[in-house]
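Working notes for the structure below.
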Amino acid sequence: QVQLVESGGGLVQAGGSLRLSCAASGNTFNIRVTGWYRQAPGKQRERVATISAGGSTDYEDSVKGRFTISRDNAKNTVYLQMNSLKPEDTAVYLCNVVTDGFSFYWGQGTQVTVSS
């Protein structure tokens, strides 16, 4: 079992920045991939960014150049630095991990609201 706790969301004006954190606990030794997803009202959940155990990163096209995913292994924490935020980035942001056994775990989510 892996437990995930997100933090760092809030209200920000367009063009501003936020940094989200995803702290993992439990059986963190077998995490294969950690990802950030988001879900806006009335829309499907979409992948924002992922980082593998080997450090490879991948981003959804609309956030490339604005968002950066990183991690601190000592703290079992993955971050999402979000710059140049746009109103369309408004959503609940959720952290997800996939383990070596292909189990999926989700955090509770953190709200990000970008005002125009």
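Please state which of the following conditions residue 64 fails to meet, knowing it meets all the rest: (1) touching a Gly at 6+ places or on another chain (Cβ under 9 Å); (2) surrounded by fewer than 17 Cβ atoms within 10 Å (Cβ to Cβ).
Going through the list (1) touching a Gly at 6+ places or on another chain (Cβ under 9 Å); (2) surrounded by fewer than 17 Cβ atoms within 10 Å (Cβ to Cβ), residue 64 breaks only (1).
Given the stretch 1-91, what strands (runs of 3 or more DSSP E) lie entirely inside it while holding 1 or more residues that are under 24 Å from residue 101 (Cα atoms) and acidic (Asp, Glu)?
Qualifying strands (runs of 3 or more DSSP E): 2-7, 46-52, 57-59, 67-72.
In this structure, does residue 115 turn out to be polar (S, T, N, Q), touching a Pro at 6+ places or on another chain (Cβ under 8 Å), at pLDDT 95 or above and over 18 Å from residue 7 (Cβ atoms)?
Criteria met by residue 115.
Has the stretch 79-101 got at least one residue that is exposed (fewer than 14 other Cβ atoms within 10 Å of the Cβ) and at pLDDT below 95?
Taking every residue of the stretch 79-101 in turn, at least one turns out to be exposed (fewer than 14 other Cβ atoms within 10 Å of the Cβ) and at pLDDT below 95.
Which of the residues belonging to the stretch 74-99 are over 20 Å from residue 5 (Cα atoms) and either of a type in the set (Ser, Thr, Tyr) or touching a residue at least 60 places away in the same chain (Cβ under 8 Å) (or both)?
Those that are over 20 Å from residue 5 (Cα atoms) and either of a type in the set (Ser, Thr, Tyr) or touching a residue at least 60 places away in the same chain (Cβ under 8 Å) (or both): 83, 84, 85, 86, 87.
The values are calculated or read from the model by the stated rules, or taken from the named source; none is laboratory data. Here the structure is a predicted model, which is why all the values come from computation and not from measurement. We place every Cβ from the backbone using ideal geometry, glycine too, and count neighbours over all the protein chains shown.
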